[in-house]
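The structure appears below as structure tokens.
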Amino acid sequence: MTHDDHGFSTRAIHVGQEFDPTTGAVIPPVHFSTTYAQDGIGTLRGGYEYGRGGNPTRDSLQRQLASLEGATHAFSFASGLAAEDALLRAVLRPGDHVLMGNDVYGGTHRLVRRIFGDWQIGLTTIELDDLEAVRAALTSTGARVLWLETPSNPLMKITDVAALADVAHAAGALVVVDNTFATPYLQQPLALGADVVVHSTTKYLGGHSDVIGGAVVLSDDALAEKVGFHQFAAGAVSGPLDAWLTTRGIKTLAVRMDRHSASAHALASALEGHAAVTRVYYPGLPSHPGHDLAARQMRDFGGMLSLELAGGAAAARAFAEGLEVFSLAESLGGVESLVNYPSEMTHASVRGTALEVSDAVIRLSVGLEDVEDLLADVRQSLARLG
């Protein structure tokens, strides 16, 4: 039975999730086996030989991911950075260059600058809303990869994927979109012209802060073969229980993202104009410079927002530590609300670079609690600032 023509939530629940043919269990079993009995030398059952090369539970997740992103191939990794690493090693060679937005996850920037930099891979960061500047940078650097985050982390910049894909392809560059913040439910980068999508599945796709994972999703057969080889040869695969937990999370992605988005929008609207807040970074606000673009290329505006506190670093720290429903923690995208201080947490590695985050900025991952409780929590912590 195929579900390829069904809607998003139907595919999220059913693709790769066929009932167990032996028992009829509607939830497929988790396959923990590291190796598989062969019917003869070189005669494999279902193509399975060894767990690093293939696992039925991981394959089910990969089918699910490919369907949701509108792709033909997906690879599930042990972490988001492992996924990015495998993709970049499949694409880049010494002397190549990466052009990246000037507001991205600190770990991605660190990976390219400090790991790939030692292998003579160049990196340039740029403001991506200036198409002519991007075109010029692609030409001057000969960049092999244009790397986008939209919304970006942590300043929620919105990038025109379709326009930049046209510019990059004209220059011969591969367009990679980190779709972690938006998820395939809110945004479809491949349909907008991107070549590859990456995810930290740890975040919204898993959705419950209980599993680390990453993904590379694409439709280019030749590049998929290279990524698959790197995954097999280097071995940064997701384990079967990690894959199963991620699959379970994906089944409720649509309803969770609707709630995340609605609550984040409510908080952003309530905080805009507050005396203690200099700026609210949330694409759902009409005041956001990327609002109209986000409304065109996204289904909704997501569950992430950032604040700049009027009192600077001292106020930002006090606000983050004064919250009671929001937990002060790394990561994002779980059912629980989290507050993060980027300059010393997720983005500490970009201090001293063009991506350095102001120490007055706080990032909120808005969870699924009652929005009235979240609003009250934010307000009480702001009130303490005096």
**OP:** Quickly run through the stretch 27-43 and pick out the residues that are among the aliphatic types (A, V, I, L, M) and either more than 29 Å from the chain's Cα centre (by Cα) or not in a loop (DSSP other than H, G, I, E, B) (or both).
**Re:** 37, 41
Original post:
Which residue pairs have Cβ atoms under 6 Å apart, sit 6 or more places apart or on different chains, and have a first residue in the stretch 120-145 that is at positive phi and a second that is loosely packed, with under 13 Cβ neighbours inside 10 Å?
Top reply: 120/94; 120/95
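Can you pull out every residue in the stretch 174-196 that is over 22 Å from residue 284 (Cβ atoms) and either in a strand (DSSP E or B) or hydrophobic (A, V, I, L, M, F, W, C) (or both)?
Selection gives 174, 175, 176, 190, 194, 196.
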**OP:** Quick one: in the stretch 219-236, of everything that is open to solvent by less than 60 Å² (accessible area, probe 1.4 Å) and out of contact with any helix residue (DSSP H, G or I) (no Cβ under 6 Å at 6 or more places or on another chain), which residue is farthest from residue 151 (Cα to Cα)?
**Re:** 235
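Quick one: which strands (runs of 3 or more DSSP E) sit completely within the stretch 44-160 and have at least 1 residues that are open to solvent by 20 Å² or more (accessible area, probe 1.4 Å)?
Working: elements: 73-77, 97-101, 122-126, 145-149.
So the answer is 73-77, 97-101, 122-126.
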Original post:
Which of the residues belonging to the stretch 306-326 are surrounded by fewer than 16 Cβ atoms within 10 Å (Cβ to Cβ) and within 24 Å of residue 210 (Cα to Cα)?
Top reply: 321, 324
Subject >> Tally, over the stretch 72-117, of residues that are of a type in the set (Phe, Trp, Tyr) and more than 24 Å from residue 352 (Cα to Cα) >> reply: 2
Original post:
In the stretch 111-147, how many residues are more than 25 Å from the chain's Cα centre (by Cα) and more than 21 Å from residue 161 (Cβ to Cβ)?
Top reply: 5
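The values are calculated or read from the model by the stated rules, or taken from the named source; none is laboratory data. Just so we're clear, the structure is a prediction, and the values are computed from it rather than from any experiment. Cβ coordinates were reconstructed from backbone atoms using ideal geometry, including for glycine residues, and neighbour counts include every protein chain displayed. The accessibility values were calculated without ligands, DNA or RNA, using every heavy atom of the protein model including side chains. Shrake-Rupley method; radii C 1.70, N 1.55, O 1.52, S 1.80 Å.
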